[in-house]
Amino acid sequence: MRTRSRFRMSASRPWTLPALVAAAVATALLTTVPHGGPDRTGRAGPAGDVAAAAEPQGKARPDAHDVVLAVHGGAGSALHRDRTTPEQEKAYRDGLADAVRAGQKVLDRGGDSVSAVEAAVRSLEDNPLFNAGKGAVFTEDAGHELDASIMRGSDLKAGAVAGVRSVRNPISAARLVMEKSRHVMLAGEGADDFAARNGLPTVTQDYYWTQRRWDSLMDAKRAAAGSASRSDNGSGPAKASLADEQAKGTVGAVARDQKRNLAAATSTGGMTNKMSGRIGDSPIIGAGTYAKNGTVAASATGDGEIFIRGAATATISNLMEFGGKDVATAAYEVLIERLPKLGGSGGVIALDGKGTFDAPHSSEGLLHAYLTKDGKIVTKIFADETPPNS
Ligand code: ASP
């Protein structure tokens, strides 16, 4: 069943979001926020990001070797040990490890890297902790519009969906576009229809709903109203907690199969309070996702507009192919040296055909996990496990 109405809800939640949003916005307009908030996208403003990343501190060193699969759960403010309960820590580590295991199962039975990254990303889409599928963030009019893409390194085939509103697993829709259409990207209703016609499960918008993301939308609207009525640009607690909540959760995976074919996939709800119709980097081949045998499989997360303008993942591949750089040097150059100059921050997971893996990021953290060929799974979720600019 396809959802035509933007705000169609299930019988179990009959209230309408627009009414709530109107009320919340009215409340937000009346609320004073003591310090500067993020910009309209909900992220910290570019000036702060540039300042934070102006002087790269680290070196382009690979994080690991002999990696066969890796996933990420978004860039942004990292989780901090002192503000994370043991239950939350377990939930994040389990979520990432479960996704790795889903991909591992595919690889272990001789499956290809495309199926492995699809399985890993589906697991993260089904997990409400992450900003993709169930748990996706809200647009400014309280809807959910999801983006995803997938790419196969052996022949550069790729598929993407943008602004979908009813497919349960956008990454599988992206794969369908790659394999069952003559196009690379489908958007909006056409993409939802195509997925439904080809048998992918569909959901109503309330499937994606989580309290946490709703609270983030309300925070973003309050902050936008607060910053509109203020001339200062402070950086106090309101800004910090917004960055914490909103700048996390896009998911992605990269893999190398037994035939050494690379694949990459990325899926997201985008950015909290984004304009309806806004498309980020995640479904854009060469920005959020890229895979090419001989160079790299890469999935990015961060300020989407900047990753599009900087052609982030394609540039990593080009630096390797035409500049002779290794994966860590190329990824470092793009993430730490180039993108911050455009005013954005974020991270990438990057895997080359030999299994060399790196996850550089200019954001405070990058939640990720990887699997080595001997079956070891490593998860990294805290800021001190993933120092920025390295
Ligand atoms: N890159 C995503 C977007 O711009 C958001 C993110 O990675 O957090 O839609």
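Using the Cβ of ASP63 as centre and a radius below 9 Å, the other residues enclosed give a net charge of +1, where K and R count +1 and D and E count -1. Expressed as a whole percentage, what fraction of the accessible surface of the stretch 70-156 belongs to carbon and sulfur atoms when a 1.4 Å probe is rolled over the protein heavy atoms? That share works out to 47 percent.
Segment ASN198..PHE322, full-extension length gain: 40.7 nm, with 0.36 nm per residue of separation and the alpha-carbon distance subtracted. Amide H contacts for TYR290 (H built 1.01 Å from N in the peptide plane; partners 5 or more residues away or on another chain; cut-off under 5 Å): ALA298.
Across the stretch 259-270, computed HN-Hα scalar couplings (Karplus, 6.51 cos²θ - 1.76 cosθ + 1.60, θ = phi - 60°) run 8, 6, 7, 9, 8, 9, 8, 9, 8, 7, x, x Hz from first to last residue, x flagging Gly and Pro. In terms of Cα atoms, the Rg and Dmax of the stretch 241-375 work out to 14.1, 45 Å.
Computed from the C-beta positions of ARG61 and ASP108, the FRET efficiency with R₀ = 35 Å rounds to 0.75. When only alpha carbons of the stretch 140-232 are considered, Rg and Dmax amount to 16.9, 53 Å. For the pair ARG81 and ASP374, the difference between a 0.36 nm per residue extended length and the Cα-Cα distance amounts to 102.6 nm.
Ranked by the mean number of other Cβ atoms within 10 Å of their residues, highest first, the peptides 83-95, 180-192, 60-72, 147-159 fall in the order 147-159, 60-72, 180-192, 83-95. Relative protection proxy for 343-350, 294-301, 137-144, from highest mean packing down: 294-301, 343-350, 137-144 (other beta-carbon atoms within 10 angstrom).
The values are calculated or read from the model by the stated rules, or taken from the named source; none is laboratory data. All values reported here derive from a predicted model rather than from experimental measurement. FYI the Cβ positions are ideal-geometry reconstructions off the backbone, even for glycines, and counts take in every protein chain you see. Just so you know, the surface numbers come from the protein's heavy atoms only, side chains and all, with ligands and any DNA or RNA stripped out. Shrake-Rupley method; radii C 1.70, N 1.55, O 1.52, S 1.80 Å.
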